[in-house]
Amino acid sequence: MSAFPMIPDTHAHLDLIDEDARNVVERAREHDVSPIITVGIDLSSSRLAAKHAETIAGVFASVGIHPNSTQDLKPDTFDLLKEIISGKKNVVAIGETGLDYYRKAAQKESQEKSFRAHIRLAKELSKTLIIHDRDAHLDVLRTLDEERPEFPVVMHCFSGDEDFLSQCLRRGFYISFAGPLTFPNAQRTREIASCVPLKSVLVETDAPFLSPHPFRGKKNLPERARLVAEALSSIHRVDPTEMSAILRENTGAAFLVDI
Ligand SMILES: [Zn+2]
Ligand SMILES: [Zn+2]
């Protein structure tokens, strides 16, 4: 048994890691990281995410279409997403959805249309929403305010300033930090993280992307959620064991699961 409470990784892409998912999950557990929420980015990756969550202990899934993959959505895409979720108790969230004005892989209009459809689906199915927001803070807030999600909202890999943070906190959103929190030159991100009340913080890896220091630039793995959690405990001057307990409680509340 581990001396530490396990640290949850609230956002990873198991299907994009070039390695057997079972081994990845097993090794994460050996590093005291569990559970893992694996996040779909399109229909086929959402199917895999749901399958991993149903077949591997300690894995939950989120299903959705990444904003960068919204260019050619078919009329039946959201019916198919609904089908993937149906009857699967370990699919706990919808996303990642949101807006990405940085990469501009899809038109703003198709991103927003898809974002709205995700919010409606989350309401219909009583699920948490995982939001991807790059350089689109105001439109993300406007869309959420217009569609009014009724279940928890998680801002994944938070990248806003103090003002945007307070807008998100006012709405009760969870704020999730990833590897960039550990980068030596990310003082600004750490300042923002210090402003998030402990009841609203989450950690994630976004593996295989965004490897924390000292693995920056290498393939990321869920086991490195520990490094993000350690950075957060030193920022908040909270004992790492206490931080693990806080992160577990927040993850349970954010995703409406018992962990
Ligand atoms: Zn993302
Ligand atoms: Zn992601």
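A short reminder: the numbers here are calculations on the coordinates, not readings from a lab. What you see is a predicted model, and the numbers here were worked out from it, not measured in a lab. When we count neighbours, we look across all protein chains shown, and the Cβ atoms used for this are built from the backbone with ideal geometry, even at glycine.
Cβ-Cβ distance of Asp161 and Phe183, R₀ of 22 Å, FRET efficiency by 1/(1 + (r/R0)^6): the value works out to about 0.80. If R0 is taken as 30 Å, the Cβ-Cβ distance between Ser194 and Ala245 corresponds to a FRET efficiency of 0.95. Total lysine pairs in the stretch 7-255 at Cα distances under 17 Å, for residues eight or more apart or on different chains: 15.
Per the Cα gyration tensor, the stretch 1-142 maps to an equivalent ellipsoid with semi-axes of 27, 16, 14 Å, ordered largest to smallest. Taking a ≥ b ≥ c as the square roots of the Cα gyration tensor eigenvalues, with a/c under 1.5 meaning rounded and otherwise prolate when a/b beats b/c, else oblate, which class fits the stretch 193-259? Because a/c hits 1.5 or more and a/b fails to exceed b/c, the stretch 193-259 counts as oblate. Listed values for the stretch 238-244 are Karplus-derived 3J(HN,Hα) couplings in whole Hz (6.51 cos²θ - 1.76 cosθ + 1.60, θ = phi - 60°), namely 10, 4, x, 5, 5, 4, 4, and x replaces Gly and Pro.
Three principal axis extents describe the C-alpha atoms of the stretch 129-243; from largest down they are 41, 28, 25 Å.
Working note: Karplus 6.51/-1.76/1.60 with θ = phi - 60° gives the stretch 69-76 the couplings 10, 9, 5, 10, 5, 8, x, 8 Hz, where Gly and Pro are set to x. Taking θ as phi - 60° and the Karplus parameters 6.51, -1.76 and 1.60, the scalar couplings of the stretch 156-162 work out to 7, 6, 4, 9, x, 9, 4 Hz in sequence order, x denoting glycine and proline. In this label model, Arg120 and Phe209 are separated by 2.7 nm, measuring between points 7 Å along each Cα→Cβ vector.
The GNM of the chain, with springs linking C-alpha atoms under 10 angstrom apart, assigns the highest mean-square fluctuation among Leu202, Leu247, Leu43 to Leu43.
Highest GNM mean-square fluctuation among Ala186, Ala21, Ala231, for the chain modelled with Cα contacts below 10 Å: Ala186. Compared with the direct C-alpha span, the chain from Ser110 to Asp135 gains 7.4 nm at full extension, assuming 0.36 nm per residue. The label point for Glu150 and the one for Tyr102, both projected 7 Å from the Cα toward the Cβ, are 3.3 nm apart. The longest stretch of the chain left intact once loop-based trypsin sites (Lys or Arg not before Pro) with at most 11 other Cβ atoms within 10 Å are removed from consideration, loops following DSSP, is 104-217.
Could you identify which residue out of Gly64, Gly87, Gly40 has the top mean-square fluctuation in a GNM of the chain using Cα springs shorter than 10 Å? With Cα springs under 10 Å in the chain, the top fluctuation among Gly64, Gly87, Gly40 is at Gly87. Placing a pseudo-label 7 Å from each Cα along the Cα-to-Cβ vector at Lys219 and Lys89 gives an inter-label distance of 3.3 nm. Using only alpha-carbon positions in the chain, the gyration tensor eigenvalues give semi-axes of 26, 21, 17 Å once each is multiplied by 5 and square-rooted (largest first).
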